Amino acid sequence: MKRIPLGARLDMAEKAEAAGFSFHTMYGEPYWDEETAYAFTLRQIEDDIEDPSTALHAMCREAVAEIVKSEELMQRLAIPREHWDLVAESWQSGAPELYGRFDLIYDGQGPAKMIEYNADTPTALFESASFQWDWLEDMIRNGALPEGTDQFNGIYEALTARFAQISPAGTHIHFTAFADSPEDYATVEMMAYAARAADMGAHFVNLPEIGVTDTGQFADAEGRVIGTLFKLYPWEDLLRDDFATHLAGAQCRYLEPAWKAVVSNKGLLPVLWQMFEGHPNLLPSFFADDLDAGSDAVTRAEDALARGVVRKPVFSREGASISIRQGDAVIEDATVRDYDAHPMIAQAYHEMPVFDGFRPVIGTWIVGETCVGMGLREDRSRITQDLSRFKPHYILD
């Protein structure tokens with residue numbers, strides 16, 4: 001794993017704008033940054049990143065099966081009591097999943113460490129699946145990278161195949177997000193593009209324009225009933241909205257399904273550690289009150305916890321309300337504290353690699369149940385935030 005200076009394409013901004021990638025620069029700072037790129041060996045990709053991510057996803061599914069049948073765990077994950085049946089039944093009925101993204105710490109040497117699973121509403125999809133691939137083709141074409149250079153990126157093809165697998169051809173799917181959020185809109189547009197390639201009908205509806213019919217079904221702004229809904233809107237908010245009472249009876253299939261409410265929840269991390277303690281791709285994790293109370297499991301993890309503890313809300317986005325401490329010292333603290341009121345978990349801190357002053361986090365994409373690609377974000381901070389830069393990657397051999 002190396003960080004290689006390759007130089008940016010002279011026409012990068014024009015190509016981004018032409019592709020609809022309007023947020024390549026935000027607030028005067030680059031979000032997409034191709035001055036340097038990360039290079040990996042094929043062995044690193046396959047053995048350290050791809051296969052472990054697929055295995056982690058299988059472990060997460062095992063955890064879901066345990067959580068949905070446990071009232072204690074549903075409470076600890078702050079799933080509203082009135083929606084426990086909706087969440088459990090979506091799992092028990094086999095409601096299909098579409099995609100997710102693990103965030104991993106990896107330094108090119110030891111096992112990659114899972115720091116969280118964005119299993120419900122992951123973004124950075126367009127830049128991972130599409131613009132990153134366009135960058136690779138341009139770099140080969142202009143001679144900056146040798147012919148035959150590859151990238152771990154089968155995301156778009158896998159999404160198209162997954163849509164075809166879970167829906168009959170001709171199925172009409174509504175895609176919703178807040179239309180005034182360019183990043184969110186780019187994600188649903190990428191999804192809709194893949195769905196159309198799988199012979200689905202794809203319709204965008206601005207999230208605030210979804211209504212309820214007299215029979216309790218969801219409908220778009222033109223009055224069309226929504227039978228299948230891809231929503232870039234997290235289940236933890238959906239379950240608490242005014243429309244939540246209609247979710248179970250709306251005769252609507254949701255992508256992602258309701259059981260993703262427990263796997264996209266940071267409370268998943270202590271559950272995984274309880275079930276798979278010592279797994280090389282996991283970090284010791286506990287519900288915060290369990291850590292404070294102490295236990296044999298906490299004692300067994302004391303060496304890892306002595307290197308630092310990351311406290312995270314069970315619900316959080318873009319690093320908000322995360323704190324990293326070593327003993328009594330705070331070594332990193334999120335400035336955005338929007339999620340402070342939520343229950344907390346505590347995860348052992350794992351030192352991140354530093355390349356030229358930047359700390360990368362690898363995002364591995366799961367489609368269906370398989371890892372199919374990756375992207376990287378980097379920041380000088382230990383906490384990845386909304387303006388952390390996206391970096392392209394390629395495979396050295």
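The values are calculated or read from the model by the stated rules, or taken from the named source; none is laboratory data. What you are looking at is a predicted structure, and each value in this text was computed from that prediction instead of being measured. Heads up, the Cβs are rebuilt from the backbone with ideal geometry, glycines too, and the neighbour counts pull from every protein chain shown. Areas reflect the complete protein model, heavy atoms only, side chains present, ligands, DNA and RNA absent. Shrake-Rupley method; radii C 1.70, N 1.55, O 1.52, S 1.80 Å.
Run the numbers on the chain and let me know its relative contact order in percent, using alpha-carbon pairs under 8 Å that are six or more apart.
Working: 741 pairs, mean separation 94.5, N = 397.
Relative contact order for the chain comes out at 24 percent.
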Legend entry - Centroid-to-centroid separation of segment 48-103 and segment 116-195 [C-alpha atoms, Å]: 23 Å
Inset, instruction - Please compute the net charge surrounding residue 347, taking Lys and Arg as +1 and Asp and Glu as -1 over other residues with Cβ under 11 Å from its Cβ. - result: +3
Inset, instruction - Give me the percent of the accessible area of segment 14-154 that comes from carbon and sulfur atoms, probe 1.4 Å, all protein chains in place. - result: 46 percent
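Counting only DSSP beta bridges with both residues in segment 126-269, what percent are antiparallel, rounded to the nearest 5? Let's see the in-between values first.
Working: 3 of 15 bridges.
Counting only bridges with both partners in segment 126-269, antiparallel ones make up about 20 percent.
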Inset, instruction - Keeping all protein chains in place, calculate the accessible area per residue for segment 125-254 (probe 1.4 angstrom), answer in Å². - result: 45 Å²
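Can you flag which of 113/260; 113/391; 231/266; 260/391 are past 24 Å Cα-Cα? Before the final figure, lay out each step's value.
Numbers: 113/260 21 Å; 113/391 19 Å; 231/266 20 Å; 260/391 28 Å.
Beyond 24 Å between Cα atoms: 260/391.
What shape does segment 330-397 have by the C-alpha gyration tensor, where a ≥ b ≥ c are the square roots of the eigenvalues, rounded means a/c under 1.5, and otherwise prolate means a/b greater than b/c and oblate the rest? The partial results should precede the final answer.
Values: a/c = 2.11, a/b = 1.39, b/c = 1.52.
Judged from the Cα gyration tensor, segment 330-397 comes out oblate (a/c at least 1.5, b/c at or above a/b).
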Legend entry - DSSP bridge orientation in the chain - percent antiparallel, rounded to nearest 5: 75 percent
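About its Cα centre, how strong a charge dipole does segment 241-397 have in debye, to the nearest 20, once Lys and Arg get +1 and Asp and Glu get -1 at the Cβ?
On the way: 16 positive and 23 negative charges, 75 e Å.
Computed about the Cα centre, the dipole is about 360 debye.
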Legend entry - segment 157-268: C-alpha gyration tensor shape, a/c 1.5 cut-off, then a/b vs b/c: rounded
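Can you check how the C-alpha radius of gyration of the chain compares to 2.2 N^0.38 Å, as a plain ratio? List each step's numbers first, then the result.
Numbers: Rg = 20.8 Å, N = 397, 2.2 N^0.38 = 21.4 Å.
The value comes to 0.97.
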Inset, instruction - Exposed loop GluC sites (Glu not before Pro) only (DSSP loop, at most 10 other Cβ atoms within 10 Å): please give the longest stretch of the chain free of them, not including the sites. - result: 223-397
Legend entry - Exposure rank, largest accessible area first [193, 233; 1.4 Å]: 193, 233
Legend entry - Solvent accessible area, Å² - residue 324, 1.4 Å probe, full protein context: 0 Å²
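Relative contact order of segment 248-397, please, whole-number percent, based on alpha carbon pairs below 8 angstrom and at least 6 residues apart.
Working: 225 pairs, mean separation 26.8, N = 150.
Once divided by the residue count of segment 248-397, the mean separation gives 18 percent.
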Legend entry - Stretch gain in nm, segment residue 25-residue 242, where the contour uses 0.36 nm per residue and the Cα spacing is subtracted: 74.6 nm
Inset, instruction - Subtract the Cα-Cα distance of residue 142 and residue 82 from 0.36 nm times their separation in residues, and report this length gain in nm to one decimal. - result: 15.8 nm
Legend entry - Residues whose placed amide H lies under 5 Å from that of residue 37, excluding near-sequence neighbours: 4, 6
Inset, instruction - Compute, for residue 387, the solvent-accessible surface of its heavy atoms (probe 1.4 Å) with the complete set of protein chains present, and express it in square angstrom to the nearest 10. - result: 70 Å²
Legend entry - residue 328 accessible area, 1.4 Å probe, all protein chains in place, Å² to nearest 10: 150 Å²
Inset, instruction - Run the quick spin-label model on residue 70 and residue 331: label points 7 Å from Cα toward the beta carbon, then report their separation in nm to one decimal. - result: 2.9 nm
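Please work out the Kirkwood hydrodynamic radius for segment 91-242, using every pair of different C-alpha atoms, and report it in angstroms with one decimal place. Display every interim value, and only then the final one.
Details: mean 1/r = 0.0568 Å⁻¹.
When all Cα pairs of segment 91-242 are included, the Kirkwood radius is 17.6 Å.
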